[in-house]
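Chemist: Dumping the structure here so I can ask a few things about it.
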Protein chains: 2
Amino acid sequence: VTGVDGSVDTEVVVVGGGIGGLATAFALASEGRAVRVLERASEFTEVGAGLQMAPNATRVLARWGMLDRVVDVGVRPRRLAFLDALSGEELTSLDLGEGFRERYGAPYVVLHRTDLLQVLVDGCRDVGVELVTDSDVSAVHHDEGGATVMVGDRRVRAEVVVAADGLRSMLRERLDPTPPVASGYVAYRGALAVSELPPEQVPPDLDDVVVHLGPGCHLVQYALRRGEILNTVAVFESPAFGRGEAEWGGPDELDAAFAGAGPRVQRGLASLWRDRRWPMSDRLPIDRWVDGRMMLTGDAAHPMLQYLAQGACQAIEDAACLADAVGRTGADGGVDWSTALTMFVESRQPRTARVQTTARTWGEIWHVDGVARMLRNELFRTRRLDDYTHVDWLYGDQSPIPPRTT
Amino acid sequence: VTGVDGSVDTEVVVVGGGIGGLATAFALASEGRAVRVLERASEFTEVGAGLQMAPNATRVLARWGMLDRVVDVGVRPRRLAFLDALSGEELTSLDLGEGFRERYGAPYVVLHRTDLLQVLVDGCRDVGVELVTDSDVSAVHHDEGGATVMVGDRRVRAEVVVAADGLRSMLRERLDPTPPVASGYVAYRGALAVSELPPEQVPPDLDDVVVHLGPGCHLVQYALRRGEILNTVAVFESPAFGRGEAEWGGPDELDAAFAGAGPRVQRGLASLWRDRRWPMSDRLPIDRWVDGRMMLTGDAAHPMLQYLAQGACQAIEDAACLADAVGRTGADGGVDWSTALTMFVESRQPRTARVQTTARTWGEIWHVDGVARMLRNELFRTRRLDDYTHVDWLYGDQSPIPPRTT
């Protein structure tokens with residue numbers, strides 16, 4: 001597989017076999033490109049638990065022929081409901097039913113991250129993507145004619161390298177040497193079989209995605225896998241982080257952060273795994289995602305806080321947009337990669353920057369206290385339940401790259 | 001005038017000849033009581049500038065036959081408008097026109113404090129109140145049969161003493177030894193002849209009461225005296241107060257506090273007097289306003305921050321309510337003062353406590369920054385302009401003492 005003579009092993013190397021990497025590989029291979037995915041781990045799998053797929057992502061999945069399987073292994077929630085974590089009052093909700101599906105042309109689906117990854121792996125295999133595990137990329141060198149990917153002492157030669165190596169992207173460093181920005185918030189998760197839970201631990205509204213908003217904390221619960229699994233996420237601001245301590249966000253802080261929450265939230269905390277946790281970070285938007293023949297995508301390009309549940313959705317939008325750009329610049333079986341990458345970044349950067357920025361603000365709104373909580377609650381209470389204008393920009397079809405003419 | 005033998009010089013002594021004291025004196029004298037007002041200063045006058053009379057107060061003024069004169073020397077504003085001080089955007093407004101007047105049975109009027117005081121002085125003279133200046137009350141002693149008011153070495157004997165001696169009430173001390181609570185905010189005021197202002201300094205909407213809301217600051221402007229006077233109030237949070245310094249709220253801090261405000265607010269600052277200022281304080285509600293035959297009223301009983309513009313209005317409500325209570329407990333020409341005072345406090349304490357508490361919250365809402373400002377602005381923007389439900393409790397007729405049957 002070495003290309004010491006300058007010959008090409010594969011047209012595209014995708015570094016990272018997470019959701020963004022596999023989606024990119026699938027989309028480019030579907031576009032006729034030869035794609036190899038290099039994954040550091042020994043298998044394609046995802047830690048974590050539930051994942052929300054909004055219509056801006058499920059429209060893409062439908063186009064890729066994956067939506068039926070995704071819906072089949074997931075849940076189509078009835079509503080996205082926001083409750084005050086302290087009082088228990090329901091403040092507002094977003095109806096995710098048929099009107100929502102018609103408005104955005106695709107449904108809202110929640111599913112297990114592993115289940116989505118499996119659909120993408122199967123899709124990649126179907127379109128001939130080379131999936132290679134145990135491949136820890138140490139460097140990428142590029143030149144006029146392409147790029148060389150170093151995997152230990154192996155070299156893989158490609159026309160273009162897509163870095164889908166996530167929040168802590170190694171390949172991003174040459175474009176942006178700054179580290180991720182720790183938010184000081186940490187997430188605990190849990191995905192437990194509903195059938196094995198004590199009855200009082202099962203929320204009354206398993207059809208809904210329920211978000212309990214508290215000062216400096218929130219709890220999300222929804223069902224996965226046809227209702228068989230209860231997914232729970234608890235997020236809170238760590239006082240130890242605020243004090244600059246190296247160790248922060250432990251289970252003692254979890255309990256303290258939710259001490260003032262109502263009984264329903266307290267019951268929700270019982271459904272968390274307590275032996276691991278996810279500190280939450282993002283980065284500020286950057287303009288440059290391309291360095292020669294190496295390009296960032298997904299979290300490597302635009303890592304975001306999870307308050308809009310858009311990390312995976314934006315990575316899937318990226319993949320579809322990149323494939324569109326490639327389709328529009330291809331000629332005689334080849335691709336004008338330079339033009340395609342420029343077109344991709346110009347299309348995707350403003351939108352993902354907006355999602356990154358809005359996610360931060362949305363998180364602030366979720367976690368306010370005092371008079372700001374009073375204002376937030378009153379604003380939510382007085383919102384019309386059939387008002388979708390605040391999410392049209394996010395869920396609506398606003399792709400600036402026109403559909404392919406094929 | 002000394003009553004060393006226990007005889008009574010006057011039935012009621014009102015300590016303090018401000019708006020609350022004069023209103024109380026007028027209302028009690030109209031009810032047939034003999035009333036003497038003891039004012040420390042050498043004349044009945046008011047420092048300060050404009051004053052807002054909401055319908056809960058103007059309904060009382062109408063009942064007292066004073067409304068026509070008040071309207072005649074004042075202005076009936078068209079709207080109460082709220083603008084963002086930074087962006088200049090109009091966020092919402094309260095229509096104060098005919099629909100408002102009909103809803104609450106009386107108009108919204110703004111006028112000069114001195115003009116209102118003159119109407120009350122004239123009213124007091126008409127109903128035989130004794131108005132005594134240069135009378136600095138040093139103590140009140142009460143016994144079974146009444147109270148003795150010490151004015152230097154003079155003694156005035158009365159059946160009951162009403163302490164209307166304001167925020168820094170001396171007579172309140174025996175019921176509440178705690179000092180007023182400094183908010184850390186300070187007000188600058190100005191009341192200037194419109195005809196002498198440079199044209200650019202005259203706001204475009206002199207028919208409105210306009211409130212510019214900024215982070216940690218606000219500016220209010222409206223016209224007084226048939227539109228001849230422009231009234232301006234600028235309020236801001238003093239950083240020096242926050243640092244615990246003895247000297248705080250100076251003109252340098254005024255300019256710095258509004259440095260980020262838009263051009264219209266900047267022009268408004270030019271219409272302030274800069275040689276004096278009003279630090280703003282209130283107190284927490286207390287339950288006990290009565291000590292034997294001495295009772296607190298107005299700011300002495302329930303001093304409040306000015307964010308609801310209700311200080312004078314609540315003092316006028318107090319006066320009307322006390323007169324109602326006296327009217328209901330009177331028999332054979334005398335008054336059961338003990339019952340009347342109890343009835344008064346039970347009626348007034350919960351309402352004024354709510355106004356005190358809400359004024360604090362309203363001030364917080366005015367002064368928010370960051371995401372809370374975003375929420376406040378969006379809540380204001382989405383409010384229906386014909387929605388009065390938030391002020392019904394305040395402006396509506398909810399007097400718990402039934403009207404007199406006479």
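Chemist: Residues A:GLN266, A:GLN221: which one is out of contact with any helix residue (DSSP H, G or I) (no Cβ under 7 Å at 6 or more places or on another chain), at pLDDT 95 or above and polar (S, T, N, Q)? Even if it seems obvious, please write down each step before you answer.
Modeler: Details: A:GLN221 fails: out of contact with any helix residue (DSSP H, G or I) (no Cβ under 7 Å at 6 or more places or on another chain).
Testing whether each residue is out of contact with any helix residue (DSSP H, G or I) (no Cβ under 7 Å at 6 or more places or on another chain), at pLDDT 95 or above and polar (S, T, N, Q) leaves just A:GLN266.
Chemist: Can you pull out the residues in region A:362-377 that are under 9 Å from A:GLY214 (Cα atoms) and facing another protein chain (nearest Cβ under 7 Å)?
Modeler: A:VAL368
Chemist: Taking region A:375-395 as the search range and keeping residues that are open to solvent by 30 Å² or more (accessible area, probe 1.4 Å) and outside any helix (DSSP H, G or I), which one is modelled with the lowest pLDDT?
Modeler: A:ASP386
Chemist: Also: Quick one: count up the residues across region B:230-247 that are under 22 Å from the mean Cα position of the chain (by Cα) and surrounded by 21 or more Cβ atoms within 10 Å (Cβ to Cβ).
Modeler: Of region B:230-247, the ones under 22 Å from the mean Cα position of the chain (by Cα) are B:230-237.
Next, only the ones that are surrounded by 21 or more Cβ atoms within 10 Å (Cβ to Cβ) stay: B:230-236.
Looking only at that region, the number is 7.
Chemist: Still on this structure, I have one more. Has region B:326-340 got any residue that is within 24 Å of B:TRP393 (Cβ to Cβ) and not in a helix (DSSP H, G or I)?
Modeler: Checked region B:326-340: no residue is within 24 Å of B:TRP393 (Cβ to Cβ) and not in a helix (DSSP H, G or I).
Chemist: Listed residues B:GLY298, B:GLY292; which is closer than 27 Å to B:VAL149 by Cα, in contact with a His (Cβ under 6 Å, 6 or more places away or on another chain) and touching a residue at least 60 places away in the same chain (Cβ under 8 Å)?
Modeler: B:GLY292
Chemist: Residue by residue through region B:310-344, note down the ones that are farther than 16 Å from B:ALA27 by Cβ and open to solvent by 10 Å² or more (accessible area, probe 1.4 Å). Reasoning before the result, please.
Modeler: First, pick out the residues of region B:310-344 that are farther than 16 Å from B:ALA27 by Cβ: B:310-311, B:331-334, B:336, B:338-339, B:342.
Matches in region B:310-344: B:GLY311, B:ALA331, B:ASP332, B:GLY333, B:GLY334, B:ASP336, B:SER338, B:THR339, B:THR342.
Chemist: Out of the residues in region A:89-98 that are open to solvent by less than 50 Å² (accessible area, probe 1.4 Å) and not in a strand (DSSP E or B), state the one that is farthest from A:LEU51 (Cα to Cα).
Modeler: A:GLY97
Per-residue answers, yes or no, for (1) crowded, with 20+ Cβ neighbours inside 10 Å; (2) closer than 15 Å to B:LEU28 by Cβ:
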site	(1), (2)
B:VAL110	yes, no
B:LEU120	yes, yes
B:CYS124	yes, yes
B:GLU130	no, yes
B:ASP134	no, no
B:ASP143	no, no
B:THR148	yes, no
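Chemist: May I ask you to verify whether A:PRO303 is within 30 Å of B:LEU375 (Cα to Cα), away from chain B (no Cβ under 14 Å) and open to solvent by 10 Å² or more (accessible area, probe 1.4 Å)?
Modeler: Considered against the rule, which asks whether it is within 30 Å of B:LEU375 (Cα to Cα), away from chain B (no Cβ under 14 Å) and open to solvent by 10 Å² or more (accessible area, probe 1.4 Å), A:PRO303 comes out as no.
Chemist: Pull up region B:153-172, narrow it to residues that are in contact with a strand residue (DSSP E or B) (Cβ under 7 Å, 6 or more places away or on another chain) and among the charged types (D, E, K, R), then point me to the one that is least open to solvent (accessible area, probe 1.4 Å).
Modeler: B:ARG172
Chemist: Across region A:254-284, which residue is nearest to A:VAL209 (Cα to Cα) among those that are acidic (Asp, Glu) and free of Cβ contacts under 8 Å to residues at least 60 places away in the same chain?
Modeler: Selected residue: A:ASP255.
For every residue, the table says whether it meets (1) surrounded by fewer than 20 Cβ atoms within 10 Å (Cβ to Cβ); (2) out of contact with any Pro (no Cβ under 8 Å at 6 or more places or on another chain); (3) within 22 Å of A:ARG283 (Cα to Cα); (4) not small (Gly, Ala, Ser).
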{"residue": "A:ARG174", "(1), (2), (3), (4)": "yes, yes, yes, yes"}
{"residue": "A:VAL181", "(1), (2), (3), (4)": "yes, yes, yes, yes"}
{"residue": "A:PRO199", "(1), (2), (3), (4)": "yes, yes, no, yes"}
{"residue": "A:PRO204", "(1), (2), (3), (4)": "yes, yes, no, yes"}
{"residue": "A:ASP207", "(1), (2), (3), (4)": "yes, no, no, yes"}
{"residue": "A:VAL211", "(1), (2), (3), (4)": "no, yes, no, yes"}
{"residue": "A:GLY216", "(1), (2), (3), (4)": "yes, yes, yes, no"}
{"residue": "A:ARG226", "(1), (2), (3), (4)": "yes, yes, no, yes"}
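Chemist: Hey, can you tell me all the residues within region A:346-361 that are more than 8 Å from every other protein chain (Cβ to nearest Cβ) and either open to solvent by 20 Å² or more (accessible area, probe 1.4 Å) or part of a loop (DSSP other than H, G, I, E, B) (or both)?
Modeler: Those that are more than 8 Å from every other protein chain (Cβ to nearest Cβ) and either open to solvent by 20 Å² or more (accessible area, probe 1.4 Å) or part of a loop (DSSP other than H, G, I, E, B) (or both): A:GLU346, A:GLN349, A:PRO350, A:ARG351, A:ARG354, A:THR357, A:THR358, A:ARG360.
Chemist: In the set B:ASP84, B:ASP72, which member is farther than 23 Å from B:GLU228 by Cα and either of a type outside the set (A, V, I, L, M, F, W, C) or surrounded by fewer than 20 Cβ atoms within 10 Å (Cβ to Cβ) (or both)?
Modeler: B:ASP84
Chemist: Starting from residues that are modelled with pLDDT of 95 or more and polar (S, T, N, Q), keep the ones in region A:1-38 and report whichever is farthest from A:LEU111 (Cα to Cα).
Modeler: A:SER30
The values are calculated or read from the model by the stated rules, or taken from the named source; none is laboratory data. None of these values were measured; they are calculated from a predicted model. Cβ coordinates were reconstructed from backbone atoms using ideal geometry, including for glycine residues, and neighbour counts include every protein chain displayed. Accessible surface is based on the protein model in full, side chains and every heavy atom, while ligands, DNA and RNA are left aside. Shrake-Rupley method; radii C 1.70, N 1.55, O 1.52, S 1.80 Å.
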